[in-house]
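J.: Can you keep this structure in mind? I'll have questions shortly.
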Amino acid sequence: MDIGGAALIVVDMQNGFVNHHSRHAVPAVSDMVAQWSAADRPVIFTRYFNYHGSSYERFFQWHRLQEPPETDIVPALTQAAVHAHAVIDKTGYTLFTPDATELIRRAGWTDLVFCGIATESCVLKSAADAFEHGYAPWIVTDASASDAGPDVHDAGLVVARRLIGTGQLVTAEHVMGQLTAYAGATVLE
C-alpha cells in the first residue's frame, strides 16, 4: 500500500444504511477517518441517493434513501465529512461518477482504501471499478459491514477476493500500521 499516493474512501456511511447488522462499523470507520485525517491524507466520502423511478425502485421495489434523515451521513462522521477532501454524491453503487473519476485522476492517487457500507454492493463495486481503472484497491474488512448481516458481508469479501485479489483485503490495524510508518518517515525527511 502506497500511503503517500492513497486516499481513504468512506462509502455510504449514511443513517439509512446503519442498523443492528452494520452499526459496529461506525466506530471503526470513525477511528480510521480520524487517524487518516491526522496524518494529513485525503478522505473522500460518498453518499448514495435513490430517486423516483430508479433501477432500485423498478427491480427491487426499494424506495429508501431518497431524503433526509436517511441520506444524511451518520452523526459520528458528520463533522469529518464537512472537513473531507470531497463528498461524492452518487445514484448507483460505484464511487466512479464522472466527478469522482476526474478528482482521482487530477489528484494522482494510486491507491484507494475503501471502508463503509455495504461490503457486498457499494464497497465491492467501487473496489472492483478501481481495479479496472488501474488503481490499487484495498478493502478494510473490519471497517466495512453489510446492513443485510454478517453472512452477506462475508459473501462480499469472498467475491472481492476473486475480483481484486486476496492481498487487497486488509484490516484496520494493517492500514494504521502503514499510516504510522508513513507519518514517521515523513517527519524524518
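The values are calculated or read from the model by the stated rules, or taken from the named source; none is laboratory data. The model shown is predicted, which means the values in this text are computed figures rather than measured ones. Cβ placement follows ideal geometry from the backbone for every residue including glycine, while neighbour counts extend to all protein chains displayed. When the accessible area is computed, the model is the full protein with side chains, heavy atoms only, and any ligands, DNA or RNA have been set aside. Shrake-Rupley method; radii C 1.70, N 1.55, O 1.52, S 1.80 Å.
J.: Please determine whether any residue of the range 47-66 is under 29 Å from residue 176 (Cβ atoms), within 17 Å of the chain's Cα centre (by Cα), outside any helix (DSSP H, G or I) and touching a residue at least 40 places away in the same chain (Cβ under 8 Å). Walk me through it before giving the result.
T.: Of the residues in the range 47-66, the ones under 29 Å from residue 176 (Cβ atoms) are 47-48.
From the residues that got through so far, the ones that are within 17 Å of the chain's Cα centre (by Cα) too are 47-48.
From the residues that got through so far, the ones that are outside any helix (DSSP H, G or I) too are 47-48.
Filter again for touching a residue at least 40 places away in the same chain (Cβ under 8 Å), leaving 47-48.
Scanning the range 47-66 turns up at least one residue that is under 29 Å from residue 176 (Cβ atoms), within 17 Å of the chain's Cα centre (by Cα), outside any helix (DSSP H, G or I) and touching a residue at least 40 places away in the same chain (Cβ under 8 Å).
J.: Are any residues in the range 92-107 assigned to a helix (DSSP H, G or I) and either open to solvent by less than 50 Å² (accessible area, probe 1.4 Å) or in contact (Cβ under 8 Å) with a residue 24 or more places away in the chain (or both), and if so, which ones?
T.: Matches in the range 92-107: 100, 101, 103, 104, 107.
J.: Here is a further query. If the Cβ limit is 6 Å and pairs must be 6+ apart or interchain, which residue in the range 138-149 that is modelled with pLDDT under 95 and of a type outside the set (A, V, I, L, M) pairs with which residue that is in a strand (DSSP E or B) and surrounded by fewer than 24 Cβ atoms within 10 Å (Cβ to Cβ)?
T.: none
J.: Related question: Limited to the range 1-44, what total is found for residues that are of a type in the set (A, V, I, L, M, F, W, C), surrounded by 23 or more Cβ atoms within 10 Å (Cβ to Cβ) and more than 24 Å from residue 167 (Cα to Cα)?
T.: 2
J.: Can you tell me how many residues within the range 71-88 are within 17 Å of residue 15 (Cβ to Cβ) and either at pLDDT below 95 or surrounded by 14 or more Cβ atoms within 10 Å (Cβ to Cβ) (or both)?
T.: Residues of the range 71-88 within 17 Å of residue 15 (Cβ to Cβ): 71-82, 87.
Those left that are additionally either at pLDDT below 95 or surrounded by 14 or more Cβ atoms within 10 Å (Cβ to Cβ) (or both): 71-74, 76-77, 80-81, 87.
The total comes to 9.
J.: Quick check, is residue 172 under 17 Å from residue 40 (Cα atoms), among the hydrophobic types (A, V, I, L, M, F, W, C), surrounded by fewer than 21 Cβ atoms within 10 Å (Cβ to Cβ) and touching a strand residue (DSSP E or B) at 6+ places or on another chain (Cβ under 6 Å)?
T.: Details: under 17 Å from residue 40 (Cα atoms): no; among the hydrophobic types (A, V, I, L, M, F, W, C): yes; surrounded by fewer than 21 Cβ atoms within 10 Å (Cβ to Cβ): yes; touching a strand residue (DSSP E or B) at 6+ places or on another chain (Cβ under 6 Å): yes.
No.
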